[in-house]
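Some notes on the structure that comes next.
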Amino acid sequence: MSNVSGKTHTQAQLNNYANQHNPNNPAYRANVNNRANQLNPNNAAYKGNKSSGNQSGAHKNHQQ
């Protein structure tokens, strides 16, 4: 994990960074849940992920 400097970031930016990297914070859990949804083919968020569509298309080409 990298550090964020108080000399180059505002207090709000430091707070946001800390919240996103704290497992007890809702912002952290929301990010983890969103990532899990994007990787889950049974979730609607998966179909909207551009990189997953490209990967599946490339996979189909390799099978033929």
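With respect to the numbered conditions (1) in contact with a helix residue (DSSP H, G or I) (Cβ under 8 Å, 6 or more places away or on another chain); (2) at pLDDT below 90, which one is the sole condition not fulfilled by His21?
(2)
Residue check: is Gly6 of a type outside the set (Ser, Thr, Tyr), modelled with pLDDT under 90, surrounded by 10 or more Cβ atoms within 10 Å (Cβ to Cβ) and in a helix (DSSP H, G or I)?
no
Are there any pairs, at least 6 apart or on different chains, whose C-beta atoms fall under 8 Å, with the first in segment 21-43 and without any contact (Cβ under 8 Å) to a residue 40 or more places away in the chain and the second open to solvent by 90 Å² or more (accessible area, probe 1.4 Å), and if so, which?
That search, which allows pairs on different chains as well, returns His21/Met1; Pro23/Arg29; Ala27/Gln20; Tyr28/Gln20; Asn31/Gln20.
The values are calculated or read from the model by the stated rules, or taken from the named source; none is laboratory data. Please read all numbers here as calculations on a predicted model, not as lab measurements. Here Cβ is always computed from backbone atoms with ideal geometry, including for glycine, and neighbour counts include all displayed protein chains. Surface accessibility is based on the protein's heavy atoms, side chains included, excluding ligands, DNA and RNA. Shrake-Rupley method; radii C 1.70, N 1.55, O 1.52, S 1.80 Å.
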